[in-house]
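One structure is given below, encoded as C-alpha cells.
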Amino acid sequence: MLSQLFKTFANCLKIPELRSRILFTALVLIVARLIAMTPVPGLDGSELARYFAEQTEKQNAGNSIVALYSLFTGGAIENCAVGALGIMPYISATIIIQLLSAVIPGLNKLAREEGGRAKIIAYGRYLTVLLCLGQGFVMALGWQHPESTFPGFTGKLVLVENEWLYRIQTTIILTTGTLLLMWLGEQVTERGVGNGVSLIIMIGILARLPSALRSIWMLFFPEEGVARTVNWMYGVFLLLLLVAVVAAVVMITQGQRKIPVQYAQRAVGRKVYSGGTSYMPLRVNYTGVMPVIFAQAILMFPGMIFQKLGEVYKLPFLSTVGSLFSQASWFYIMAEALMILFFSYFWVATQFNELQVADDLKKYGGYIPGVRPGAATSDFLHRTMSRITFAGGMFLVIIALIPTLMTRYLKLDYGITQFFGGTSMLITVGVLLDTMRQMESFLLMRHYDGFLKKGRVKGRF
C-alpha cells in the first residue's frame, strides 16, 4: 500500500501541469505561514506566546474563544502576528451572505442569474473588509489591555506610546493581512490544487502538530527526574483511537444516500432526449464542520460574560453560572451536543431547498420511482434529508466531544486531544480528501492510477 502511495505521488510530479500546481500551492502555503509568524509592528508577542504555552500545560488552552480563534489562525493571534485575524472573517462573510441568500428573495434571485454569482462574491469581499475593520479594532484593544482578555496575564504587549496611532495602525495591518490571505486562497483555488481557503486553515491547524507530537513523546519519555505515568498499552490505545476516528470521519464525509431518479423520454424542438436512470446523492454529513464551529463559538461567550459580571459586581452566583460553561462541566457537554444537532438541521434547512429540487426534477421530466412528482417528491426529500441529518448530526456530536472527554478523563493536554476529533480532525480530513480528488482527476486524465489501486477514491460515484 505504501509503495503504491509513493508511486502515485511520483506520477503526480511527472505531469507538468500538476507539478506546477503542487509547487505553486506549496509556495503559497509557506507565505501564509510567514504571515502567521510575522509580528505586527509595535507589539511584543513573545510574552503572549509564553502565556499560551503555560495555559496549554495547565490544560486550559481550549477554554476560551481566543484559543478557538487561535486554532484557525495557526497560532498567529498568540504571536501578535499580521495574520492574527486569519481567514475567518472571509469565511464568516461568506456564510452570512449564504444565509441571507436563503431568506432574502433579491439575493436568492441574483444568485441564480447569469453573472449574479460574481456579484455575490463581490458582496462577500466587501463584507469581509467591514468585518476585518471591526474585529481588527477589537483585537487591537484586546492586545492593549491583555489582562482583561487573557486571564492571569500580567505582561505588556503594546510598545507604541500613542494609543490611537497604535489602534489605527494595527487595525489596518490586520485587515491587510486577512485580505492578503483571502487573495492567496483564491489564487490557490484557481492556479493550484485544492480549495485555497480550506488549505490555509488546514496548514494553520497542522502547524500545531509538532508541539502535539512533542507532548506525546514527553508522556512516554519524560525528562530526567520526572516519573513516567503511562505505559505502552496507553500508546496502543491512543493509536487505535486515532485510526478509528480518522476512518469514521472519512466514511461519514464520503457517505451518501443514493436516491434513484428515472427520466422519461422527452422532445425539445426537433431533438428527442431518451430517458434513463440516474440517482440523486444526498450527503450524510451535508453540513460539514459548520455546526461544530457555530456551537463552540456561541457557547464560549456566556461563560466569559457571567464570569466577568460576577467579578465586577461581586456576585458568586454569576460566577457559578459562568463555571457551568467550562468545557469540563457536563452542562457544557450536553449544551454543545444539543446545539450541534440544532445547527445541523438549521444549516440543512437554509441550504437544501427540497421544493426547488422537486420542481427541477419535474421540469426536466425526472421522478423518483414510487413517488409522485411535485409536492409528494418534496415531502419525500424532506423526510429523507431529516433522517440523514440526524445521523450526520449525531456523528458530529461524537467527534466534537472526543477532545473534551479525553482532556477530562485521560488528563491529556488539549493540544494533543484536538487532533483526535473536533474541528481540527473534520477540517483536516475533509480538505485532504478534496485535494486528493483533484489530484486524482489529473492522474486519471493522463491514464495513471489514482491513490487507490483501482484509481478511484472510495465513496466517489
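Each value in this text was obtained by applying a stated rule to the coordinates, not by laboratory testing. Please read these numbers as outputs of a predicted model, since none were measured by experiment. All Cβ positions, even for glycine, are placed from backbone atoms using ideal geometry, and neighbour counts span all protein chains on display.
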Size of electric dipole in the chain: Cβ of Lys, Arg +1 and of Asp, Glu -1, about Cα centre, debye, nearest 20: 2140
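Tell me the mean residue ellipticity at 222 nm calculated for the chain from its helices only (DSSP H runs of n ≥ 4, each -39500 (n - 2.57), averaged over every residue, nearest 500).
The per-residue figure over the chain is -23000 deg cm²/dmol.
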For the pair F390 and I168, the simple spin-label estimate (label points 7 Å beyond Cα toward Cβ) gives in nm 5.8
Dipole magnitude of region 104-186, debye to nearest 20 (Cβ charges: Lys/Arg +1, Asp/Glu -1, about Cα centre): 320
When the charge dipole of the chain is computed with +1 at the Cβ of Lys and Arg and -1 at the Cβ of Asp and Glu, the Cα pointing farthest to the positive end, of M445, F342, G322, is that of M445
Out of A244, I333, H382 - ranked by how far each Cα lies towards the positive end of the dipole of region 231-420, with unit charges on the beta-carbon of charged residues - the top one is H382
Per residue, how big is the convex hull of region 231-420 when only Cα atoms are used? Give it in Å³. 163
Rounding to the nearest 10 and keeping the result within 0 to 90°, find how far the Cα-based axis of helix 375-409 lies from the longest principal axis of the chain. 30
Give me the percent relative contact order of the chain, please, defined on Cα pairs under 8 angstrom at least 6 residues apart. 18
Computed on Cα atoms only, the convex hull of the chain has an orientation-averaged projected area in nm² of 27.9
Taking the Cα-to-Cβ direction at L13 and at F220 and moving 7 Å from each Cα, how far apart do the two end points lie in nm? 3.0
Here the gain from full extension of K156 to Q351, 0.36 nm per residue of separation minus their alpha-carbon distance, amounts to 65.7 nm
Compute the projected area of the convex hull of the Cα atoms of region 81-222, averaged over all viewing directions, and report it in nm² to one decimal place. 12.9
Hey, what did region 122-263 get for relative contact order, percent, Cα under 8 Å, at least 6 apart? 13
Top positive-direction residue, dipole computed over the chain with Cβ charges, set I368, V230, G116: I368
Hull surface divided by four, with the convex hull built on the Cα atoms of region 144-210: how many nm²? 6.7
Going by alpha carbons, how many degrees (0 to 90, nearest 10) lie between the helix axis of 290-313 and the longest principal axis of the chain? 30
So if I restrict to the alpha-carbon atoms in region 196-237, what is the Rg, and what is Dmax, the biggest pairwise distance, in Å? 14.8, 46
Which of the GluC sites (Glu not before Pro) found in region 118-221 are loop residues per DSSP with 11 or fewer other Cβ atoms within 10 Å of their Cβ? E161
Nearest 0.05, what FRET efficiency do R191 and E113 give at R0 = 45 Å with Cβ-Cβ as r? 0.95
Rounding to the nearest 10 and keeping the result within 0 to 90°, find how far the Cα-based axis of helix 16-37 lies from the longest principal axis of the chain. 30
